[in-house]
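Structure first, then comments.
The values are calculated or read from the model by the stated rules, or taken from the named source; none is laboratory data. Only a predicted model underlies this, so the values are computations on that prediction, with no experimental measurement involved. Positions of Cβ are backbone-derived with ideal geometry, glycine not excepted, and every protein chain shown enters the neighbour counts.
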Amino acid sequence: MFFQHVYDKSLAQASYFIGCQKEGVAAVIDPKRDVDTYLEIAKQNNMKITHVLETHIHADFLTGSRELSAITGAALYLSDEGGEDWEYEFDHIGLKDGSSFMVGNLKMDVLHTPGHTPESISFLLTDTPASPEPVMFFTGDFVFVGDIGRPDLLEKAAGMTGSMDAGAHEMYKSIKKFSDLPDYIQVWPGHGAGSACGKALGAVPSSTVGYEKVRNWAFRFGNDENGFVKFLLEDQPEPPNYFAMMKKLNKVDRPLLTEVPKLKKLSNLEMVEAMGKGIKLLDARLKTDFAKGYIPGSINIQGNNAFATWAGWYLNYDEQFILLADDSQLDDLTRKLMRIGLDNIMGYVPSTDAFVHEGGKLDTVNVIDIDAFKKVTEEPNVQLVDLRNATEYKSGHIKNADHVFVGTLLKNLDKVSKDKKVVIHCQGGDRATIGYSLLAREGYNNVLNYSASMNEWVELGNPIESK
């Protein structure tokens with residue numbers, strides 16, 4: 001058996017390439033959308049991809065299953081569980097609890113494991129030439145290392161009222177099914193630490209059934225189903241705005257994108273005219289470079305591993321946008337965006353140089369240090385705004401700080417004063433710079449950015465409150 005774990009750090013998302021070397025055939029589980037990765041693995045190992053599998057209709061990324069199938073001719077093996085509301089709207093081979101199929105000499109058994117979503121399935125792999133016993137369990141968003149999938153996304157992100165509580169009870173039943181598996185079976189989940197599909201995912205890529213039964217919180221409740229449900233639903237992180245669109249696009253018959261797009265380099269005039277029409281400019285430079293000088297109206301989202309997630313909070317799928325990024329970043333950033341379906345890129349500009357050369361004036365971020373922060377927050381008519389998520393804020397915040405999560409900032413501008421001096425901060429400064437750029441774009445000229453934020457505040461022994 002050939003096995004390769006493919007991990008996308010930007011979305012903390014795992015996919016799997018599994019091949020039968022004797023027969024020269026392979027399956028890919030939950031592929032990302034830039035599928036050239038899997039084509040290269042197949043080429044290097046002289047294998048043909050014949051099966052493409054999904055564990056469920058994903059909310060956090062746009063799967064590349066159909067792109068990979070279109071290129072290779074592989075059959076799509078997808079869940080037919082969950083009822084009519086959870087049916088894929090394109091041709092596929094439907095799987096139910098108890099289904100099984102072969103990939104060469106590798107046997108895949110299907111377990112229906114609802115909870116995260118009603119149609120969720122997991123794959124139990126047996127390498128039949130080596131042993132009659134199963135050896136690997138691909139759980140998708142069912143069981144993670146140290147955590148389990150959250151059942152609240154359908155309600156919070158997709159607006160399906162009442163699904164959260166029902167999903168939590170289904171997850172309790174699925175956990176019991178997991179507990180019946182042999183302890184030695186390897187567990188390969190769909191996500192790792194940093195994913196918004198759980199609240200406490202472990203950083204290691206895999207586990208075993210036995211390890212999870214000992215260390216995973218979900219197995220500590222015994223017969224206390226209500227206690228399990230309560231703990232599972234509380235303190236889950238806010239789901240990004242784009243999750244609802246992913247649920248839709250992963251289910252319907254959509255246009256395919258079989259290659260990574262090559263972006264058009266825009267002139268300064270094209271950029272300025274587009275921004276004048278309301279097209280957003282995403283500045284992917286470091287927050288420190290952005291602070292020193294940025295094109296008015298641009299939004300700073302650094303081109304790091306969180307780039308796509310934050311872009312998904314602020315970009316709409318029916319509008320074009322522009323990137324400000326160095327040529328060396330373009331392939332990486334384009335891949336990150338296409339993985340969540342943000343393909344509608346008008347083009348890019350490599351820097352602010354042309355804008356300045358042609359007479360444009362850059363704005364700067366009003367960054368303050370801790371001494372200035374302490375001084376200004378003691379003044380009258382000042383609002384202190386904590387941009388972190390709700391769980392972070394509750395666990396410890398600076399006295400008198402109002403909470404406005406940066407992801408939903410544009411929907412809560414009424415909570416940020418235009419009459420007072422506003423001081424913003426987050427945990428390490430990245431989200432504060434995003435917030436600053438959003439507020440500046442909305443006409444706020446009264447904002448100060450304590451960029452060092454909570455990391456420095458706590459490190460220097462300053463007091464915090466919790467509630």
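Among the residues of the stretch 79-106, write down those that are surrounded by 17 or more Cβ atoms within 10 Å (Cβ to Cβ), of a type outside the set (Asp, Glu) and touching a residue at least 12 places away in the same chain (Cβ under 8 Å).
Correct list: 79, 82, 86, 88, 92, 95, 101, 103, 104, 106.
Is it fair to say residue 76 is surrounded by fewer than 22 Cβ atoms within 10 Å (Cβ to Cβ), touching a residue at least 12 places away in the same chain (Cβ under 8 Å), within 26 Å of residue 151 (Cβ to Cβ) and touching a Lys or Arg at 6+ places or on another chain (Cβ under 8 Å)?
On the way: surrounded by fewer than 22 Cβ atoms within 10 Å (Cβ to Cβ): yes; touching a residue at least 12 places away in the same chain (Cβ under 8 Å): yes; within 26 Å of residue 151 (Cβ to Cβ): yes; touching a Lys or Arg at 6+ places or on another chain (Cβ under 8 Å): yes.
Taking the combined requirement at face value, the residue satisfies it.
Inspect all residues belonging to the stretch 318-328 and state whether any of them is β-branched (Val, Ile, Thr) and within 29 Å of the chain's Cα centre (by Cα). Can you show your working first?
Going through the stretch 318-328, the residues β-branched (Val, Ile, Thr) turn out to be 322.
Filter again for within 29 Å of the chain's Cα centre (by Cα), leaving 322.
There is at least one residue in the stretch 318-328 that is β-branched (Val, Ile, Thr) and within 29 Å of the chain's Cα centre (by Cα).
For the stretch 236-275, give me each residue that is touching a residue at least 24 places away in the same chain (Cβ under 8 Å), part of a helix (DSSP H, G or I) and either among the small types (Gly, Ala, Ser) or within 30 Å of residue 165 (Cα to Cα) (or both).
Matches in the stretch 236-275: 243, 244, 245, 246, 247, 249, 274.
Please determine, by comparing only the residues of the stretch 423-442 that are crowded, with 24+ Cβ neighbours inside 10 Å and touching an Asp or Glu at 6+ places or on another chain (Cβ under 9 Å), which one is farthest from residue 304 (Cα to Cα).
Ranking the qualifying residues of the stretch 423-442, first place goes to 424.
Could you pull out every one of the strands (runs of 3 or more DSSP E) wholly within the stretch 1-62 that has 2 or more residues that are surrounded by 19 or more Cβ atoms within 10 Å (Cβ to Cβ)?
On the way: elements: 2-8, 13-20, 25-29, 48-53.
Fully inside the stretch 1-62 and qualifying: 13-20, 25-29, 48-53.
Please determine whether any residue of the stretch 268-281 is modelled with pLDDT under 95, out of contact with any Asp or Glu (no Cβ under 7 Å at 6 or more places or on another chain) and at positive phi.
Our first condition is that a residue be modelled with pLDDT under 95; within the stretch 268-281, this holds for none.
The answer is no, given that none of the residues of the stretch 268-281 is modelled with pLDDT under 95, out of contact with any Asp or Glu (no Cβ under 7 Å at 6 or more places or on another chain) and at positive phi.
Please go through the stretch 348-377 and pick out each residue that is within 25 Å of residue 412 (Cα to Cα) and acidic (Asp, Glu). Walk me through it before giving the result.
First pass over the stretch 348-377, keeping only residues within 25 Å of residue 412 (Cα to Cα): 363-368, 373, 376-377.
Within the stretch 348-377, just 363 meets the criteria.
Is there any pair linking a residue in the stretch 14-42 that is free of Cβ contacts under 8 Å to residues at least 60 places away in the same chain and farther than 14 Å from residue 190 by Cβ to one that is among the aliphatic types (A, V, I, L, M) and outside any strand (DSSP E or B), with Cβ under 6 Å and at least six apart or on different chains, and which?
17/41
If you go through the stretch 188-209 one residue at a time, do you hit one that is in the same structural domain as residue 16 (by TED's automatic domain parsing), surrounded by fewer than 16 Cβ atoms within 10 Å (Cβ to Cβ) and modelled with pLDDT of 95 or more?
No, there is no match, as no residue in the stretch 188-209 is in the same structural domain as residue 16 (by TED's automatic domain parsing), surrounded by fewer than 16 Cβ atoms within 10 Å (Cβ to Cβ) and modelled with pLDDT of 95 or more.
Here is a yes/no grid of residues against (1) assigned to a strand (DSSP E or B); (2) under 21 Å from residue 250 (Cβ atoms):
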{"position": "71", "(1), (2)": "no, yes"}
{"position": "82", "(1), (2)": "no, yes"}
{"position": "91", "(1), (2)": "no, yes"}
{"position": "107", "(1), (2)": "yes, no"}
{"position": "118", "(1), (2)": "no, yes"}
{"position": "137", "(1), (2)": "yes, no"}
{"position": "169", "(1), (2)": "no, no"}
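So, in the stretch 282-296, of the ones that are touching a residue at least 60 places away in the same chain (Cβ under 8 Å) and in contact with a Gly (Cβ under 9 Å, 6 or more places away or on another chain), which residue ends up surrounded by the most Cβ atoms within 10 Å (Cβ to Cβ)? Full working, then the answer.
Here is the first cut: in the stretch 282-296, the residues touching a residue at least 60 places away in the same chain (Cβ under 8 Å) are 283, 287, 290-296.
Narrowing further to those that are in contact with a Gly (Cβ under 9 Å, 6 or more places away or on another chain): 287, 295-296.
Numbers: 287: 25, 295: 21, 296: 14.
For the stretch 282-296, the residue satisfying everything is 287.
Mind listing whichever residues of the stretch 352-373 are surrounded by 14 or more Cβ atoms within 10 Å (Cβ to Cβ) and not aliphatic (A, V, I, L, M)?
Scanning the stretch 352-373 gives 352, 355, 360, 363, 366, 373.
Rundown of residues vs (1) at pLDDT 95 or above; (2) of a type outside the set (Val, Ile, Thr); (3) in contact with a Lys or Arg (Cβ under 9 Å, 6 or more places away or on another chain); (4) assigned by TED's automatic domain parsing to the domain that holds residue 402, yes/no style:
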position	(1), (2), (3), (4)
288	yes, no, no, no
311	yes, yes, yes, no
314	yes, yes, yes, no
330	yes, yes, yes, no
343	no, yes, no, no
346	yes, yes, yes, no
353	yes, yes, no, no
365	yes, no, yes, no
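It is to be established whether one or more residues within the stretch 193-202 are closer than 18 Å to residue 82 by Cβ and either among the β-branched types (Val, Ile, Thr) or assigned to a loop (DSSP other than H, G, I, E, B) (or both). I'd like the intermediate steps shown before the answer.
Initially, the stretch 193-202 is screened for residues closer than 18 Å to residue 82 by Cβ, giving 197.
Retained after the next criterion (residues that are either among the β-branched types (Val, Ile, Thr) or assigned to a loop (DSSP other than H, G, I, E, B) (or both)): 197.
Yes - at least one qualifying residue is present in the stretch 193-202.
Being within 24 Å of the chain's Cα centre (by Cα) and assigned to a loop (DSSP other than H, G, I, E, B) is the filter here, so list the residues in the stretch 120-134 that pass it.
Narrowing the stretch 120-134 to residues within 24 Å of the chain's Cα centre (by Cα): 120-123.
Within the stretch 120-134, just 120 meets the criteria.
Which residue is farthest from residue 294 (Cα to Cα), if the candidates are limited to the stretch 319-343 and must be outside any helix (DSSP H, G or I) and out of contact with any helix residue (DSSP H, G or I) (no Cβ under 8 Å at 6 or more places or on another chain)?
Selected residue: 319.
I'd like the full set of residues that are within 27 Å of the chain's Cα centre (by Cα) and either within 26 Å of residue 130 (Cα to Cα) or of a type in the set (Phe, Trp, Tyr) (or both), limited to the stretch 75-111.
Selection gives 75, 77, 86, 88, 90, 95, 110, 111.
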